[in-house]
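J.: Can you keep this structure in mind? I'll have questions shortly.
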Amino acid sequence: MSTTSLLASSRQNNHLWRKIKNWLMVSSSIGSALLVILPLGLVLFYLVYKGAAAINLGFFTNVPAPPGDTDGGMANAIVGSFLLLGMAVLVGAPMGILGGIYLSEYGNEKLNGAIRFCADVLNGVPSIVWSIIVYEVLVVPMRGYSLLSGGIALGLMMIPLVLRTTEEVLVLVPNSYREAALALGIARWQIIVKIVVATAYKGIITAVLVAGARIAGETAPLLFTAFGNLNWCTGLNQPVAALPLQIYAYAISAYEDWHRQAWAGALVLIGFVFIINISVRFMTRERKA
Amino acid sequence: MVPKIMKDEVAAVNNEEENVQEAATVSLDVNDLCLWYGKHQALYDVSIKIPANKSTAIIGPSGCGKSTLLRTFNRMHEVSPGARMSGKVHLFGEDLYSPEIDPTILRRRVGMVFQKSNPFPTMTIRENVLVGLRLNGVRDKKILNERLESCLRMAALWDEVKDHLDRPGTGLSGGQQQRLCIARAMAMEPEVLLMDEPCSALDPIATMKIEELITTLKTKCTVVIVTHNMQQAGRCSDFTAFMYLGKLVEFDRTEKIFTNPDKQQTEDYITGRFG
């Protein structure tokens, strides 16, 4: 046991050096945190600065016009993006959700490990690779770029995202509910649908929304699949315009008008992603209450 | 809806346990039950005849296998990975572990209430009580409403909740939630109700209410209650089984166990010398 008094030992300790170390630590972590926010702020500022001027009613109601004609808009690309997103959700959400249910409710440890590993690898597949594969498997046999192939390319990208998040939210459902339902003699599939999924449904919707927001801005998977379209899409087997594709096409063009429209398109696109993320925040907050 | 399995009246024939049986109908008949979790053996040769329409308490120190034994009565132990058992359990003469028995059907007839109350969080009070019936295909509004009221009355909860049946079940107090779980289990009209330390998370007043309930419940079904509270066993059971280290030490009328047990170990536990 120490015999020195508290006061004496405290005085021996070098206060100044400790304070400096503390200040360094705190300020560097605050600085890093601010650095995370900075790019988002810059992006938003720049988009508004460059794009806001080109946003008018025509932008939302008209299809693209030739350079020089200021009447052009991105109505077909906005609608096209939603069509592609809807198609992607139709493809990706059921497979991701059912796969997540399998991992959480049925699978055995060995197989689950393999599935999770595959999902993580899939998640890391570069989006241009998806585009080429879907081109080879769908676009070539169908003899044309199409809404269908674009939606499927995006949907495939959604699967691993939805799968892993669904599994996570289902695992969080306490086992005591499953046991209570089992003890009532309720069939396994009904327990999963009516008790487990019903308890976690907000988390699952969140998973789909987050994955949707993540793929909404993808350009590469659409390059060889949806292809883009200067007019309205007329069918599942027809090429379709999408915001990211339109932005890309306009941004690399030589016309000042089109550049402005590209900025406006980017602003609209990030606005949509923003809205999805905010609604996700809203939903998760409600769940905590 | 539920296939009616024949109810055999099992006459008590074992002379050695004459005083226990007293010609009462046997509800659950357990023979030489051994159970392992992986390599660890949790139950050793347990044999017990649980009389029908009585309440039977299973007491013993923590980890003695009382909850495990209870869970073999509705095959809930099968949910635990690595659990395997040998021996027989008969419910009114029928072998629960016969390969043709569907555990889902069995569990409709052997209900269970857990240590921690667990009403389904997405459901209202009404839905919680009726979920078992509804998911098993009962659609008739009249039957459902009757069952709702009778079960909530049986669980002594009706007067407290009758004006807000459509509020979430998780909004009730701890004791009310546990009674809601009892009503939910009773809605299936089980032949046996298993209660796994149903009061261990409750305050004394909520505990008292549930103990009082047991008297009502045993007119409808056989009650088996696991408890680590000896006073509770004394207050609310007709028969008591004392378990220690995975073995059934003694099973007899509750008065006998608490006043004049046959085994020294039982006496030591009851008088508080260990456990």
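The values are calculated or read from the model by the stated rules, or taken from the named source; none is laboratory data. The model shown is predicted, which means the values in this text are computed figures rather than measured ones. Neighbour counts are summed over all protein chains in view; Cβ atoms, including those assigned to glycine, are modelled from backbone coordinates with ideal geometry. Only protein heavy atoms, including side chains, enter the accessible area calculation; ligands, DNA and RNA are left aside. Shrake-Rupley method; radii C 1.70, N 1.55, O 1.52, S 1.80 Å.
J.: Picking from B:Ala201, B:Ala241, B:Ala206, B:Ala233, which residue would you name as being surrounded by 23 or more Cβ atoms within 10 Å (Cβ to Cβ) and at pLDDT below 95?
T.: B:Ala233
J.: Quick check on this structure: which one of B:Leu135, B:Leu148 is aliphatic (A, V, I, L, M) and buried (at least 20 other Cβ atoms within 10 Å of the Cβ)?
T.: None of the other options fit; the residue is B:Leu148.
J.: From A:Gly185, A:Gly203, grab the single residue that is within 14 Å of chain B (Cβ to nearest Cβ), free of Cβ contacts under 8 Å to residues at least 40 places away in the same chain and not β-branched (Val, Ile, Thr).
T.: Answer to the check: A:Gly185.
J.: I would also like to ask the following. With the requirement that a residue be under 22 Å from B:Phe251 (Cα atoms) and of a type in the set (Gly, Ala, Ser), what does segment B:59-101 give you?
T.: The answer is B:Gly60, B:Ser62, B:Gly63, B:Gly65, B:Ser67, B:Ser86, B:Gly87, B:Gly93.
J.: Taking B:Arg153, is it at the interface with chain A (Cβ under 9 Å from one of its Cβ atoms) and within 29 Å of B:His228 (Cα to Cα)?
T.: no
J.: When you scan segment A:24-32, do you find a residue that is closer than 23 Å to A:Ile270 by Cβ, out of contact with any Lys or Arg (no Cβ under 7 Å at 6 or more places or on another chain), open to solvent by less than 60 Å² (accessible area, probe 1.4 Å) and at pLDDT 90 or above, even just one?
T.: Looking through segment A:24-32, none of the residues is closer than 23 Å to A:Ile270 by Cβ, out of contact with any Lys or Arg (no Cβ under 7 Å at 6 or more places or on another chain), open to solvent by less than 60 Å² (accessible area, probe 1.4 Å) and at pLDDT 90 or above.
J.: Sort out which residues of segment B:57-107 are hydrophobic (A, V, I, L, M, F, W, C) and assigned to a loop (DSSP other than H, G, I, E, B), and write them in order of number.
T.: B:Cys64, B:Phe73, B:Phe92, B:Leu96, B:Ile101
J.: May I pose another question? Out of the residues in segment B:88-100 meeting the condition of being more than 14 Å from chain A (Cβ to nearest Cβ) and touching a Phe, Trp or Tyr at 6+ places or on another chain (Cβ under 8 Å), tell me which one is least open to solvent (accessible area, probe 1.4 Å).
T.: B:Val89
J.: While we're here: Looking at this structure, is B:Val138 modelled with pLDDT of 95 or more and either over 18 Å from the mean Cα position of the chain (by Cα) or within 14 Å of chain A (Cβ to nearest Cβ) (or both)?
T.: The answer is no for B:Val138.
J.: Something else now. Looking for something in contact with a Ser or Thr (Cβ under 7 Å, 6 or more places away or on another chain), surrounded by fewer than 17 Cβ atoms within 10 Å (Cβ to Cβ) and assigned to a helix (DSSP H, G or I) - is there at least one such residue anywhere in segment B:253-260?
T.: No, that holds for no residue.
J.: If you don't mind, there's one more thing I want to ask. Just for segment B:68-80: of the residues that are out of contact with any strand residue (DSSP E or B) (no Cβ under 8 Å at 6 or more places or on another chain) and more than 9 Å from chain A (Cβ to nearest Cβ), which one is nearest to B:Gly111 (Cα to Cα)?
T.: Checking each candidate, the answer is B:Arg75.
J.: Something else about it: Of the residues that sit in segment B:108-122 and are open to solvent by less than 20 Å² (accessible area, probe 1.4 Å) and either assigned to a helix (DSSP H, G or I) or within 13 Å of B:Gly171 (Cα to Cα) (or both), which one is nearest to the other protein chains (Cβ to nearest Cβ)?
T.: B:Asn118
J.: Any residue at all in segment A:226-239 that is in a helix (DSSP H, G or I), on the phi < 0 side of the Ramachandran plot and open to solvent by less than 40 Å² (accessible area, probe 1.4 Å)?
T.: Looking through segment A:226-239, none of the residues is in a helix (DSSP H, G or I), on the phi < 0 side of the Ramachandran plot and open to solvent by less than 40 Å² (accessible area, probe 1.4 Å).
J.: Limited to segment B:73-87, what total is found for residues that are in contact with an Asp or Glu (Cβ under 9 Å, 6 or more places away or on another chain) and either open to solvent by less than 40 Å² (accessible area, probe 1.4 Å) or within 18 Å of B:Ala52 (Cα to Cα) (or both)?
T.: Final tally of qualifying residues: 2.
J.: Looking only at residues that are of a type in the set (Gly, Ala, Ser) and part of a helix (DSSP H, G or I) in segment A:70-95, which one is surrounded by the fewest Cβ atoms within 10 Å (Cβ to Cβ)?
T.: If we take residues in segment A:70-95 being of a type in the set (Gly, Ala, Ser) and part of a helix (DSSP H, G or I), then A:Gly86 is surrounded by the fewest Cβ atoms within 10 Å (Cβ to Cβ).
J.: Residues that are among the small types (Gly, Ala, Ser), open to solvent by less than 40 Å² (accessible area, probe 1.4 Å) and over 24 Å from the mean Cα position of the chain (by Cα): does segment A:121-143 have at least one?
T.: No, the conditions are met nowhere in segment A:121-143.
J.: How many residues are over 23 Å from B:Ser98 (Cβ atoms), modelled with pLDDT of 90 or more and in contact with an Asp or Glu (Cβ under 8 Å, 6 or more places away or on another chain) when one looks only at segment B:13-66?
T.: 3
J.: Report yes if A:Thr166 is touching a residue at least 60 places away in the same chain (Cβ under 8 Å) and either within 22 Å of A:Met95 (Cβ to Cβ) or touching a Leu at 6+ places or on another chain (Cβ under 6 Å) (or both), otherwise no.
T.: Spelling it out, A:Thr166 is indeed touching a residue at least 60 places away in the same chain (Cβ under 8 Å) and either within 22 Å of A:Met95 (Cβ to Cβ) or touching a Leu at 6+ places or on another chain (Cβ under 6 Å) (or both).
J.: Can you confirm whether A:Tyr102 is open to solvent by 90 Å² or more (accessible area, probe 1.4 Å), at pLDDT 90 or above, of a type in the set (Ser, Thr, Tyr) and more than 30 Å from A:Ser253 (Cα to Cα)?
T.: The answer is no for A:Tyr102.
J.: Output the number of the condition that B:Pro103 fails; it satisfies all remaining conditions of (1) in contact with a Lys or Arg (Cβ under 9 Å, 6 or more places away or on another chain); (2) more than 21 Å from B:Ser47 (Cα to Cα); (3) buried (at least 21 other Cβ atoms within 10 Å of the Cβ); (4) within 11 Å of chain A (Cβ to nearest Cβ).
T.: Only one criterion is unmet by B:Pro103, namely (3).
J.: What is the number of the single condition among (1) touching a residue at least 12 places away in the same chain (Cβ under 8 Å); (2) under 23 Å from A:Phe272 (Cα atoms); (3) open to solvent by 40 Å² or more (accessible area, probe 1.4 Å) that A:Pro67 does not meet?
T.: (2)
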